[in-house]
């Protein structure tokens, strides 16, 4: 058959792209536009082989072989077939099982059945060497594609390179068409930073006729840790409060600073709830029809970047919030998000594969970026009244 087929080792492709663009092989360090990537692979394969494309096979791994959101988005694209191996823990790290074997089997089957004249392999694994040799014996031309290496060296098996009929290196410009480094949390958000608000210190009552006890000046109370745009619990904890006077200790426990960062262990619920805590969650505001449409949008349009996920969640919540429930009170507790709403936000984010490779919990940096996206969307729609008092004059 005068057609070409592309076999992609997703671990190699995305890992090499992350190494080149972000300096680390972790796939979570880059944001990938999958439709653009598939279009770029198809265009390049047809141009290089001079043949129409039969199909692109995408080989990847997933926990329990259950498709992640990116796999579900890929498999609905035209001419794309997703094959999944297992992702398992071994010696404290995640490893792929069955991906190489699946690629080898597919390559051998295509060649044996004369389903194509040319095969494009995007991989670096020498385990495919027998499959490449077998395909050549059946008259199939094998094109081996590499991604430009961050250190300028080979990132493929030399034996595999020697066995291939053609070899091409996909350069940085080609990769940047569909991938970009993810921004670090707090680097580019236009949300005004908010200083933490510790509870008042307990100060012993003054004896009759005695001067009132002095309260330490703010500069002397703590050495403030520089805050990110969205402070972390460690940042807040760094803003320490001096110990209470002995008389206060004798009279009872003093009120110290409270880490008001929801959905983190050790978070302390305040006795005095605020108006923001009473705002309804997105689930309460979403109809069955909207829930179905949201799922479709998540599968086809939302890329899974942590900050983008936070913005999408905030956009839907703001669009469905009744006029009587204005979100302005959220700024009173910034950077804290109401506990129920914050938990719902993180559960929503987990659907985008942010739990993968991270020991069943969302990475700390990703949690900051998710919340950062929420505040970014809120800042664009409902400016902070402390910075823009005129924004809520009509409410």
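No lab work stands behind these numbers, since they all come straight from the coordinates. Given the structure is predicted, the values throughout are model-derived calculations rather than measurements. So basically every Cβ, Gly included, is an ideal-geometry build from the backbone, and we count neighbours across all protein chains shown.
Express in whole angstrom the spacing between the alpha-carbon centres of the range 111-181 and the range 270-315. Taking the Cα centre of each part, the range 111-181 and the range 270-315 sit 42 Å apart.
Overall, the anisotropy analysis places the range 4-181 in the rounded class: the square-rooted eigenvalues a ≥ b ≥ c of its C-alpha gyration tensor yield a/c less than 1.5. Rounded to the nearest 0.05, the FRET efficiency derived from the C-beta distance between residue 115 and residue 283 at R0 = 35 Å is 0.15. From most to least packed by mean Cβ count within 10 Å, the peptides 61-67, 302-308, 12-18 give 12-18, 302-308, 61-67. Label-to-label distance, residue 297 versus residue 154, with points set 7 angstrom from Cα along the beta-carbon direction: 4.9 nm. Taking label points 7 Å from Cα along the Cα-to-Cβ direction, residue 380 and residue 347 give a separation of 2.6 nm. Taking the number of Cβ atoms within 10 Å of each Cβ as an exposure proxy, the fewest-first ranking of 374, 352 is 352, 374. What separates the Cα centres of the range 87-110 and the range 1-80 is a distance of 16 Å.
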